[in-house]
Amino acid sequence: EKGPYRHYMLKEIHEQPAVIAETLEGRVHRGRLLEEAFGHEARALLDRTRGVHIVACGTSYHAGLVARYWLEELGVPAQVEVASEYRYRAVVVPEGTLFVTISQSGETADTLAALRRARGLGYVGSLTVCNVPESSLVRESDVAVMTRAGPEIGVASTKAFTTQLVALRLLAIALGRRRGLDAARERALCDELEALPRQVEAALRLDEAIRGLAEAFADKSHALFLGRGVFYPVAMEGALKLKEISYIHAEAYPAGELKHGPLALVDAEMPVVCTLPRDPLLEKVLSNLQEVRARGGELFLFSDGEVEIPLDRYRSLPLTDTCPSTAPIVYTVPLQLLAYHAAVLKGTDVDQPRNLAKSVTVE
Ligand code: F6R
C-alpha cells in the first residue's frame, strides 16, 4: 500500500499535487469559483455572514491561522482559536458570525464539543472543512466543504493540511465576493489555485536536497522556526511536524518577536529555519535573520528563487514557482520533508509517533 515509499507519511506528502487538484475539481472553473459546489444551503448562509470564528486543534488550527490572514485581506473579520480553549471561554459573538470548524477526522472531541456549544451562541450557522464525509462534524454542521485528501494514515498530518488550505482559499473567495471582490481579481486568485499542483510538484523535487539539510538536525535537541505574516503559522506547522515525529524540541516565533526573548536561546546548537518568500515583509525578516547570524545561529532557509540574501552564512533551497495568494501551501512542503528526513535519520517511528493517536476522540 505504501508503494515505493518507506512510510505512509512520505507517500502522503507526495500525494499532495493530486489531492490538491482533486479538492479543486468542480469548484473552480475558467477563473471562477463555482459556489454551488458547496451545496444548496451554502449560499444563504454565506449571504448572511459578516465574519467568521474558526475553531480547530493542532495542524487544523494552523490551517485556520493561515486562513485568518487570507480572510482579512479580503475584508472578512476572522478570529481563530484552539477548540480546547474556545469551548470553555465566554465567547462574545458579533452579529452575522459564521462558526467554522476545521478537522481531518471530523471526530476530534474538543472540536465537536465546540461546535455543540456554539449552537446556543447566536451564530448564523456552522460550516466545517473536513476530510471524512461520514464524520460527526460533517453530520452536525450546516454546510461541509470537503477536503478530498483521501485516507491519511500517517499520524502527522500532511496532505490533510494542504487540502484544508485549498478549501479555505475557496471559502475566502466566496466570502470575499460579498465584500466587493471583483471578477478580474477572482480570476487571478483562481488561476493561482489552479497552478498549485504543478508548484507543489516542483517543491517535492527538493526532496533529496532537503534530506541533506536534515542531517544538520538529527543530532540537535532544539530548533527554532521563524516566519512573518501568513508565514508565521506556516512556521508553527513546520515546528509541530518536527517535534511530533523527530522528538526534537521545536518552537515557532514570529520573526519580529525574536528580540523580545527567544534570541537569548540562539547559538550554534540551535538551528533556525525560516521561509523567505518574496513578500512585503521580506526586508524585515532579513534584518531579523541578521540578528540570528550575529549570535552565531545556523540558518536554514527556504527562499524565493529571486530573493537576494545579504547574510554572511546560511544554507538555502529555492522555491522558484509560487504565487502570492497560495505560497503558504507551497512553502509547507519543504518543512514537511525536513521533519520527515530528520525523523528518519533519528530512527523514530515516523508513521506512529510515541504518545499520539491519529484521531483524538477524548477531551
Ligand atoms: C498533527 C496532527 C494533529 C491533528 C489534530 C486535529 O500532525 O495530526 O495535531 O491535526 O489532532 O485533528 P483533526 O484535524 O482530525 O481534528
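Side notes on the structure shown:
- Amide proton proximity set for L98, modelled H, under 5 Å, gap of 5+: R50, G51, V52, H53, V124
- Among A264, A250, L276 - extreme Cα towards positive end, dipole of region 248-290, charges at beta-carbon: L276
- Theoretical FRET efficiency, 1/(1+(r/R0)^6), r = Cβ-Cβ of D219 and L282, R0 30 Å, to 0.05: 0.45
- Furthest towards positive pole of dipole, P324, G347, S287, structure part the chain, Cβ charges: P324
- ³J(HN,Hα) computed for each position of region 208-218 - Karplus, 6.51 cos²θ - 1.76 cosθ + 1.60, integer Hz, glycine/proline x: 4, 5, 5, 4, x, 5, 4, 4, 6, 9, 4
- Database remark: amide H of D304 closer than 5 angstrom to the amide H of L276, R278, L319 (H placed geometrically; neighbours at sequence offset of 5 or more, or on other chains; Pro and chain starts carry no H).
- FRET E, pair D349, R198, Förster distance 35 Å, beta-carbon r, rounded to 0.05: 0.60
- Cα gyration tensor shape for the chain, rounded if a/c is under 1.5, else prolate or oblate: prolate
- Under a model in which nothing but the beta-carbon of Lys, Arg (+1) and Asp, Glu (-1) is charged, region 313-363 shows a dipole of about 280 debye around its Cα centre.
- Debye intensity ratio in log₁₀ form over the Cα atoms of region 141-300, taken at each q of 0.18, 0.20 Å⁻¹: -1.24, -1.37
- Cα-projected label distance for E140 with H40, points at 7 Å along beta-carbon direction, nm: 2.7 nm
- Across region 50-60, rounded Karplus estimates of 3J(HN,Hα) from the backbone phi angles (6.51 cos²θ - 1.76 cosθ + 1.60, θ = phi - 60°) give 9, x, 10, 10, 10, 9, 6, 10, x, 4, 5 Hz, Gly and Pro being marked x.
- Computed lengthening from R116 to R32, 0.36 nm per intervening residue step minus Cα-Cα distance: 26.9 nm
- Here the spin labels are modelled as points 7 Å beyond Cα on the Cα-Cβ line, and at A188 and E25 they lie 3.1 nm apart.
- For the listed peptides 154-160, 66-72, a ranking on the average number of other beta carbons within 10 Å per residue, highest first, reads 154-160, 66-72.
- Fluctuation leader among R315, R89, R117 - the chain, Gaussian network, Cα springs under 10 angstrom: R89
- Beta bridges per DSSP with both ends in the chain, % antiparallel, nearest 5: 5 percent
- With the charge dipole of the chain set up from +1 on Lys and Arg Cβ and -1 on Asp and Glu Cβ about the Cα centre, the Cα lying farthest toward the positive end among the listed residues T162, V52, G64 is that of V52.
- Scalar couplings 3J(HN,Hα) for region 330-342, obtained by applying the Karplus form with A = 6.51, B = -1.76, C = 1.60 to θ = phi - 60°, are 5, 5, 5, 4, x, 5, 4, 5, 4, 4, 4, 5, 4 Hz; x denotes Gly and Pro.
- Total charge dipole magnitude, the chain, about the Cα centre, Cβ charges on Lys, Arg, Asp, Glu only, Debye to nearest 20: 500 debye
- Test item: Cα-centred dipole of region 105-179, Lys/Arg +1 and Asp/Glu -1 on Cβ, debye: 420 debye
- Considering only P151, P233, P197, the Gaussian network model of the chain with Cα springs below 10 Å gives its largest mean-square fluctuation to P151.
- Potential lengthening between A209 and Y88 on full extension [0.36 nm per residue; Cα-Cα distance subtracted]: 39.1 nm
No value in this document is a laboratory result; all are computed from the given coordinates. The structure presented is a predicted model; accordingly, all values stated were derived computationally and were not measured. Quick reminder, even Gly has a Cβ in these numbers, built from the backbone with ideal geometry, and neighbours come from all protein chains shown.
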